[in-house]
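Written below as structure tokens is the structure these notes are about.
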Amino acid sequence: MTVGTVAIILFIFAVLAMGFMPIMTWVERKQSALMQDRVGANRADILGVRIIGLIHPITDAIKMITKEDFIPTGAHRFLHTICPLIAFTPALAAFAVIPYGGQYSAWGAEWSLVAADVDYGVLFVFAIGSIAAYGSILAGWAGNNNWGMLGSMRVSAQMISYEVAMGVSVVGLFMVFGTVRLTDMGIAQQETFRLLGFLEHFGWLGPGNWVVDHITLPMWGIVVQPLAFFMFLAALLAENKRPPFDTPEGESELVAGYFIEYSGMKFGLYTAGELLEVVVIAGLMTAMFLGGWSLPWISDEELKYGIGLLLGPNMGNVIAMVIHVGVFFGKLLALIFFQMLIRWSLPRFRYDQVMNLGWKILLPLSLANIVVTGLVMLLIKEVTG
Amino acid sequence: MEAALFYSFSIIAVAGALGVLLNVRNSINAALSLVVTMLALAVLFIMLNAEFIGVLQVMVYAGAIVVLFLFVVMLLNLRGGSMGAESQPVLKAVGALIVTAVSVKLALLLQLAPRPWPEISEEYGSVAQMGQVLYTDYLLAVQAAGVLLLAGIVGAVIMAKRSID
């Protein structure tokens with residue numbers, strides 16, 4: 001446990017808890033307003049200053065904290081109190097393994113921009129995510145409410161179903177990159193491959209052809225495993241329980257579903273947890289499928305070396321770090337925007353549609369994806385030797 | 001530091017296991033005590049460098065199996081003393097016998113183990129090492145387990161289908 005690690009953990013907490021969470025509520029309001037041709041939240045002000053509705057998250061927080069914290073009669077007091085925390089904490093913890101930059105060294109110091117660079121990276125996110133399910137499943141039961149119970153039943157069925165699809169859909173990606181460590185995935189995605197290289201390997205073109213050598217694609221997850229990208233995203237969205245996968249909380253039928261009996265900040269924790277999961281999903285998808293922190297076609301070393309030629313190796317590392325963190329958060333924001341787009345575009349799926357998508361479409365397709373990936377990998381190995 | 005972590009998580013694991021046994025009146029509490037035990041065991045596995053096993057412990061047991069327990073308990077609405085009221089002395093005696101026999105066997109095995117414990121590398125128990133061992137040395141066992149699980153799934157589907165028809 002070095003000072004650097006503590007600094008990185010504090011950075012994650014500051015960015016996620018203090019920065020992203022309030023702003024996400026603003027993003028959701030403003031984006032829905034944009035898509036529905038409204039102005040959106042803009043009334044809250046401090047001494048007349050409104051800054052395009054950014055005061056609203058503060059008023060939200062004040063409202064949540066000052067409301068009565070109500071525990072219904074017949075509720076399981078301990079579980080009722082602890083459930084929002086179980087639902088919220090894993091989302092925060094999952095960010096520990098997501099790298100938002102590579103490794104840098106300047107003036108004798110070494111930085112690695114990930115809080116925990118563990119061998120079991122992606123599996124940690126899956127494991128911690130499966131713990132989050134308890135926060136939702138028990139909430140409805142602990143509140144002693146029939147709507148809540150129905151929501152809990154739905155949420156447990158949905159989360160178990162999609163955990164299967166979620167795990168199996170990315171096995172192909174693990175096969176291609178040969179690792180589940182997220183930093184190694186980031187490094188593997190900096191490589192490029194020749195799109196027309198097969199022409200040369202089959203002997204249809206001689207080696208050293210200019211066109212073959214210069215049409216390259218980055219080895220991003222979305223390029224080598226496009227099907228897995230969409231299946232994994234669908235499974236993650238279903239795990240997040242936001243629309244269109246929000247049957248467990250369906251307002252029109254279950255009032256609010258599993259968190260119906262919560263008020264004040266406990267209710268706020270559920271909302272905040274879901275929004276924070278949106279950020280985690282975006283971060284995970286970025287690290288696994290969108291090349292992580294790196295720019296396409298430019299590897300870490302090339303970038304550091306290139307800037308280093310102009311400004312010296314130390315500044316080269318520092319500026320490369322700033323660029324990489326910026327690139328990572330840029331991709332992250334794009335994916336958050338995309339998720340909000342889905343949330344405000346599609347109506348809620350019916351319960352049987354949710355189950356059909358998980359078991360009859362995503363699972364067979366992911367299994368087929370594994371087989372095809374294995375065959376293609378064998379073929380490539382045979383041809384290139 | 002390591003000893004402190006080990007003892008605290010061991011105590012949590014044992015306390016959780018006792019919680020499973022003592023919560024005969026409330027099956028949800030018992031299932032949650034099981035989760036606590038599983039999580040504490042996962043921490044112990046990770047401390048032993050068996051990180052992959054530790055994470056699988058959380059994913060499979062805490063994340064899937066106990067969730068299914070909860071699902072069933074909530075579906076059948078087993079609230080209050082609707083379970084575990086009748087005592088089954090024969091089963092209890094057999095259970096106690098098995099537990100004692102396994103404990104004695106484990107203690108004997110630990111006595112026979114060479115001291116000091118052999119040094120292991122940092123890589124031991126990593127995902128790559130586990131995969132290497134499972135898909136080379138124990139390939140047949142892995143395949144057999146896979147076929148068994150498939151048979152279980154097919155059986156479950158047939159039984160569910162029959163009750164629907």
Revision key, fill the gap. Under 24 Å between C-alpha atoms, the lysine pairs in chain A lying 8 or more places apart or on different chains count 9
**Study point:** Estimated [θ] at 222 nm from DSSP helical runs (n ≥ 4, -39500 (n - 2.57)) normalised by residues in chain A, nearest 500
**Key:** -20500 deg cm²/dmol
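Taking every pair of Cα atoms in the stretch A:219-369, average 1/r, invert it to obtain the Kirkwood radius, and report Rg/Rh to two decimals.
1.11
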Check your understanding: Can you give the accessible area of B:E2, probe radius 1.4 Å, in Å² rounded to 10?
Key -> 120 Å²
Revision key, fill the gap. Probe 1.4 Å, heavy atoms of protein chains only: per residue, the accessible area of the protein assembly as shown in Å² is 54 Å²
Review point. Can you put A:H214, A:H80 in order of accessible area, largest first, using a 1.4 Å probe?
Key: A:H214, A:H80
Revision key, fill the gap. Whole-percent tail of the Cα-Cα distance distribution for chain B, cut at 21 Å, equals 68 percent
Revision key, fill the gap. Debye calc, one equal point scatterer per Cα of the stretch A:43-99, no solvent, log10 I(q)/I(0) at q = 0.17, 0.22, 0.25 1/Å comes to -0.83, -0.91, -0.97
**Study point:** Summed buried accessible surface, chains B and A, 1.4 Å probe, nearest 100 Å²
**Key:** 2100 Å²
Review point. Along the charge dipole of the stretch A:243-345, which of A:L335, A:I307, A:M265 sits closest to the positive end, that is, farthest toward it, with unit charges on the beta carbon of Lys, Arg, Asp and Glu (+1, +1, -1, -1)?
Key: A:I307
Review point. Largest first, how would A:K30, A:K266, A:K63 line up by accessible area (1.4 Å probe)?
Key: A:K63, A:K30, A:K266
Point to revise | Largest to smallest accessible area among A:K241, B:K92 [probe 1.4 Å] | key: B:K92, A:K241
Exercise for review: Compute the semi-axes of the equivalent ellipsoid of the stretch B:23-71, taking the square root of 5 times each eigenvalue of the Cα gyration tensor, and list them largest first in whole Å.
Suggested key: 23, 11, 4
**Study point:** Those residues of the stretch B:43-73 for which accessible area with every protein chain present is at least 50 Å² below the isolated value (1.4 Å probe)
**Key:** B:V55, B:M59, B:V67, B:F71
Point to revise | Reduction of at least 30 Å² in accessible surface, 1.4 Å probe, comparing all protein chains with the chain by itself, residues of the stretch A:117-137 | key: A:D119, A:Y120, A:L123, A:A127, A:S130, A:I131, A:Y134, A:I137
Revision key, fill the gap. Rounded to the nearest 10 Å², the accessible area of A:D119 using a 1.4 Å probe with every protein chain kept is 40 Å²
Revision key, fill the gap. Here the stretch A:249-257 yields Karplus 3J(HN,Hα) values (6.51, -1.76, 1.60; θ = phi - 60°; whole Hz; Gly and Pro given as x) of 10, x, 4, 6, 10, 10, 6, 9, x
Practice item. With the cut-off at 23 Å, report for the stretch A:1-116 the share of all Cα pairs above it, as a whole percent. Key: 55 percent
Check your understanding: What is the percent of Cα-Cα separations in the stretch A:96-144 that go past 17 Å?
Key -> 56 percent
Revision key, fill the gap. Semi-axes a, b, c in Å (a largest) for chain A, each sqrt of 5 times a Cα gyration tensor eigenvalue, come to 40, 27, 19
Review point. How large is log10 I(q)/I(0) at q = 0.27 Å⁻¹ when the Debye formula is applied to the Cα atoms of the stretch A:123-178, each weighted equally and without solvent?
Key: -1.01
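Assigning unit charges at the beta carbon (Lys, Arg +1; Asp, Glu -1) and nothing else, what dipole magnitude in debye, to the nearest 20, does the protein assembly as shown show about its Cα centre?
With Lys and Arg at +1 and Asp and Glu at -1, about 1400 debye.
Tell me the carbon and sulfur percent of the accessible area for the stretch A:32-89, rounded to whole percent, probe radius 1.4 Å.
Using a 1.4 Å probe with all protein chains present, the stretch A:32-89 comes out at 65 percent carbon and sulfur.
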Exercise for review: Just name one of A:I215, A:S136, A:P72: the one whose Cα is farthest towards the positive end of the charge dipole of chain A (beta-carbon charges, Lys/Arg +1, Asp/Glu -1).
Suggested key: A:P72
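At a 1.4 Å probe, what is the % contribution of carbon and sulfur to the accessible area of the stretch A:332-375?
So the carbon and sulfur contribution to the accessible surface is 77 percent.
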Review point. With point charges of +1 on the Cβ of Lys and Arg and -1 on the Cβ of Asp and Glu, referenced to the Cα centre of the protein assembly as shown, which listed residue (B:L112, A:M175, A:L365) lies farthest in the positive direction of the dipole?
Key: A:L365
Check your understanding: What does the stretch A:63-183 give for Rg and for Dmax, in Å, if only its C-alpha atoms count?
Key -> 19.3, 62
Review point. Which helices, taking whole DSSP H runs in chain A, have alpha carbons extending 20 angstrom or more along the helix axis plus mean Kyte-Doolittle at least 0.5?
Key: A:77-94, A:121-142, A:226-240, A:264-289, A:313-345, A:363-384
**Study point:** Accessible area of A:R350 in the full protein assembly, 1.4 Å probe (Å², nearest 10)
**Key:** 140 Å²
Check your understanding: What are the DSSP H helices in chain B that stretch 24 Å or more along their long axis, judged by alpha-carbon atoms, and whose average Kyte-Doolittle hydropathy comes to at least 1.0?
Key -> B:2-22, B:27-47, B:89-112, B:139-164
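The values are calculated or read from the model by the stated rules, or taken from the named source; none is laboratory data. From a predicted model like this one, the values you see are computed outputs, not experimental measurements. Quick reminder, even Gly has a Cβ in these numbers, built from the backbone with ideal geometry, and neighbours come from all protein chains shown. Accessible surface is based on the protein model in full, side chains and every heavy atom, while ligands, DNA and RNA are left aside. Shrake-Rupley method; radii C 1.70, N 1.55, O 1.52, S 1.80 Å.
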